[in-house]
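The values are calculated or read from the model by the stated rules, or taken from the named source; none is laboratory data. The model shown is predicted, which means the values in this text are computed figures rather than measured ones. Note that we place each Cβ from the backbone using ideal geometry, even for glycine, and neighbour counts take in every protein chain shown.
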Amino acid sequence: MDLNSLRQFLVVARLEHLSRAAEELHIAQPSLSRTIARLEGELGAALFDRGGRLRLNDTGRLFRDHVERALGELDAGRRAVAQASSQGLGAVRLASETFLTLTGPMAAFKSAHPAVELALHWSPPEDMARRLRAQEVDLCVASQPIHAEDLESVQLFDEAVGIGVPLGHPLAGRASVTIDELADQPFVTARPGHWLRRLLDRLFAARGLTPKIVCEADEHGAIAELIIAGLGIGLAPAFARRNAVSAPVAWIPVDSPDCRRTVTLYWSADSHLPTAVRLMRTTITNWNWSGGEPRAGADDRPARQA
């Protein structure tokens with residue numbers, strides 16, 4: 001049971017599709033099929049159900065969790081040796097749904113620790129727990145809850161989410177707006193799975209409505225530009241409003257207590273965090289999100305949430 005076979009198994013387990021996994025791994029599909037079959041033979045158990053389409057079964061999920069932890073520990077060992085031999089701080093691998101929120105603390109971190117390599121990974125929240133367990137990334141920042149027992153977390157901030165409209169829009173002068181009043185409005189929003197899209201769908205579904213989506217984009221900046229161009233309106237967090245005060249967009253509060261987001265920092269409870277990662281965790285958890293600067297007098301002891 002070699003490491004390459006285990007890594008290939010994890011890709012197949014994640015995609016549950018042999019041809020797509022083979023394409024991602026840059027190997028021939030028959031070779032990958034033989035690797036999976038050989039692995040199942042060594043274990044004496046099927047890892048996938050093959051009725052109709054490939055599905056990871058309960059045994060496969062159990063094995064996947066152990067393989068992720070094992071390969072994660074191996075990678076962590078390599079990083080620890082590299083850090084010790086170079087006598088440096090190491091590197092930080094940070095995953096997030098959007099990096100617009102993190103530009104302030106990341107800039108401060110790089111200014112204070114210019115020798116530390118910072119690798120940024122876009123990741124949907126449903127992949128974050130797996131990536132932390134596998135130690136593919138060190139820290140994750142999510143605007144949606146991540147449900148996993150083996151993670152530690154600290155809430156960074158909670159904020160209202162409003163509606164952004166062009167300055168000349170009929171709603172621009174309103175003090176607040178209800179979801180029912182937005183039923184026929186064209187929306188510019190994020191793709192399915194993004195926290196912004198999930199919030200929009202949830203708010204409308206609670207009232208038996210479906211949002212009229214005319215455009216999907218991947219980042220807050222692109223959504224804001226499309227709103228300015230008059231293509232539609234869209235949900236906008238208060239953080240984006242504070243950091244784009246000169247943009248020609250009116251921000252209107254939504255008359256709903258559920259129209260909020262909570263941003264949380266996650267890391268693996270089972271891993272020993274390298275020095276650079278702990279320094280980055282400190283920078284993020286000690287950040288003054290309302291003032292856009294470090295918070296004075298804090299240390300590297302973020303609170304643990306259940």
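Beta carbons closer than 9 Å, at least 6 apart along the sequence or on distinct chains, pair a first residue in segment 80-108 that is modelled with pLDDT under 90 with a second that is outside any loop (DSSP other than H, G, I, E, B) and charged (D, E, K, R) for Gly90/Arg79; Gly90/Glu117; Ala91/Arg79; Ala91/Glu117. Do we have Glu225 as within 28 Å of Glu293 (Cβ to Cβ), assigned by TED's automatic domain parsing to the domain that holds Ile179 and under 25 Å from the mean Cα position of the chain (by Cα) here? Yes, satisfied.
Checking Leu171, Leu100, Leu139, Leu156 one by one, the residue that is out of contact with any strand residue (DSSP E or B) (no Cβ under 8 Å at 6 or more places or on another chain), among the hydrophobic types (A, V, I, L, M, F, W, C) and surrounded by 14 or more Cβ atoms within 10 Å (Cβ to Cβ) is Leu100 and no other. With respect to Pro114, is the statement that it is closer than 19 Å to Pro274 by Cβ, assigned by TED's automatic domain parsing to the domain that holds Ala276 and without any contact (Cβ under 8 Å) to a residue 24 or more places away in the chain true? Yes; evaluated as a whole, the condition is true for this residue. If the condition is being of a type in the set (A, V, I, L, M, F, W, C), buried (at least 18 other Cβ atoms within 10 Å of the Cβ) and farther than 16 Å from Ala95 by Cα, then segment 258-278 contributes only Cys259.
Going by the conditions given, is Ala236 exposed (fewer than 14 other Cβ atoms within 10 Å of the Cβ), modelled with pLDDT of 85 or more, of a type in the set (A, V, I, L, M, F, W, C) and more than 30 Å from Gly77 (Cα to Cα)? No. When each of Pro253, Pro257, Pro274, Pro248 is tested for being under 14 Å from Val137 (Cβ atoms) and more than 19 Å from the chain's Cα centre (by Cα), the lone residue that passes is Pro274. Within the set Val67, Val12, the sole residue that is farther than 27 Å from Pro274 by Cβ, surrounded by 14 or more Cβ atoms within 10 Å (Cβ to Cβ) and of a type in the set (Val, Ile, Thr) turns out to be Val12.
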